[in-house]
1. Taking residue 242 and the conditions (1) without any contact (Cβ under 8 Å) to a residue 24 or more places away in the chain; (2) closer than 28 Å to residue 56 by Cα, which numbered condition does it fall short on, given that it satisfies the others?
2. Pairs only if they're at least six apart or on different chains, beta carbon under 6 angstrom, first in segment 104-128 and within 15 Å of residue 69 (Cβ to Cβ), second among the hydroxyl-bearing types (Ser, Thr, Tyr) and modelled with pLDDT of 90 or more; list them, first residue then second.
3. Residue 317 fails exactly one of the following numbered conditions: (1) β-branched (Val, Ile, Thr); (2) at pLDDT 85 or above; (3) surrounded by fewer than 16 Cβ atoms within 10 Å (Cβ to Cβ). What is the number of that condition?
4. What pairs can you find where one residue is in segment 166-183 and surrounded by 14 or more Cβ atoms within 10 Å (Cβ to Cβ), the other is among the aliphatic types (A, V, I, L, M) and at pLDDT below 85, and their Cβ atoms are less than 6 Å apart, with a gap of 6+ or different chains?
5. So if I check each of 305, 326, 291, which one is more than 23 Å from residue 229 (Cα to Cα) and surrounded by 12 or more Cβ atoms within 10 Å (Cβ to Cβ)?
6. Here are some residues: 112, 56. Which one is farther than 24 Å from residue 170 by Cβ, in contact with a Gly (Cβ under 7 Å, 6 or more places away or on another chain) and buried (at least 20 other Cβ atoms within 10 Å of the Cβ)?
7. Among (1) closer than 30 Å to residue 223 by Cβ; (2) touching a residue at least 60 places away in the same chain (Cβ under 8 Å), where does residue 260 come up short?
8. Could you name every one of the strands (runs of 3 or more DSSP E) located completely within segment 67-127 that has at least 3 residues being under 22 Å from the mean Cα position of the chain (by Cα) and β-branched (Val, Ile, Thr)?
Amino acid sequence: MKHGLYLALISLSVWASAQRSTHNNYSGDWNSSASWTDAQATSNDENGSFIINGKITNGAALLTITGSVTVNDTLIVEGNFNMDQNGATLTVGANGVLIVLGDFDFANQLNINNNGVIAVGGTFDKDGSANQGSFTGSGKVYATSYGPVGGPGNPTTGDWIDDETGNTSQSESVTDLSGDGFSEIEEFINGGGTTPLPVDLLYFTTESNEEIKLSWATATELNNDFFSIERSEDGKYFYEIGRVAGNGDSNEVIEYEFTDKFAFAPIEYYRLKQVDFDGQFEYFQVHRVETGLAKEKNEFTAYPTIVKNGQMNLSSTKPFQIQNITFYSLSGGESKSLNEQLVQENPLNYSVNLSGLEKGIYLIKLSSSEGDQHSSRIIVE
């Protein structure tokens, strides 16, 4: 009988410390068994590791976790959050969001990936040794206040997160959220959690065939004017290729689609930008797509070669984005960059206003975001 009891205790211990995950793209309550893939209810005082893959809300006055937490989507803690046990880690994935309306006591290793956000309506209090209190990643912490000066590893800056070189640029105030493009999170915190987040994205997927099909869906929408679809060939410089109208306010699941018929690079990057009626916006995750297209040299044409009306046109055999265009005077004048005078008429054509150039002969040098180079000569009369 003792052996049976011993084995039962081992089984319970293993289950308690096991890694548990929420369902993908699921909006639900932390305490509900329906939110978790193992269909087990979760308490407000847990020892284990948790992965948040949906939008999960904990409404307790205090949530205590002695294990590790990974937030890939959204975790909202309406009360205080305690993770002050040594040895665990908190990871906020790319575009992940952790919102704590109360205080957040933390004493572990912290990793916030690109565009990840931790927003604390109360005080962010970080303790722990140099290793336990370390911070990695390019995301940010926003808090109404930070813990006292003199905490372990932070004798002069208090509990502000830094990159271990004294740089505290990744710790900001809640009032800085709007300036960084997270106005909806700031409004949510200022409203004590009563102001709904404007768009709750359920999923965003891409499919590559002869064309690139983008699909996404929202669970809720608030003040949603439109989605801007942006593309990039290098994953850094994004530009708009289309828009899809939003549905204003909605509490129902709405599905959207957009097809990119003009992909031209072997690898394309896509992201969604959601814009409110008041101009506020937020970005969703970036998708890398292998298009199956071979890289071919783009052919450019500049015309007319003799410009008489101050207007020149540029066309190409494939869609392109001009990164820089400079006119070098061959008549002894100064060279000029005319990036601000460009107007993209369609994916294959640009117009350039040359009214600021003096008469003479010019050498044009053009570089595109796709890595193509072009040069030609024109005469301005």
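1. That leaves (2) as the condition not met.
2. If the second residue must be among the hydroxyl-bearing types (Ser, Thr, Tyr) and modelled with pLDDT of 90 or more, the pairs left are 111/91.
3. (2)
4. 170/161; 171/161
5. Working: 305 fails: surrounded by 12 or more Cβ atoms within 10 Å (Cβ to Cβ); 291 fails: more than 23 Å from residue 229 (Cα to Cα).
Sole residue among the options that is more than 23 Å from residue 229 (Cα to Cα) and surrounded by 12 or more Cβ atoms within 10 Å (Cβ to Cβ): 326.
6. Numbers: 112 fails: farther than 24 Å from residue 170 by Cβ.
Result of the check over 112, 56: 56.
7. Only one criterion in (1) closer than 30 Å to residue 223 by Cβ; (2) touching a residue at least 60 places away in the same chain (Cβ under 8 Å) is unmet by residue 260, namely (2).
8. Numbers: elements: 69-71, 74-77, 80-83, 89-92, 97-100, 104-106, 109-112, 117-126.
Qualifying strands (runs of 3 or more DSSP E): 69-71, 74-77, 89-92, 97-100, 117-126.
The values are calculated or read from the model by the stated rules, or taken from the named source; none is laboratory data. All of these numbers come straight from a predicted model, not from anything done at the bench. Cβ: placed from backbone, ideal geometry, glycine included. Neighbour counts: every protein chain shown.
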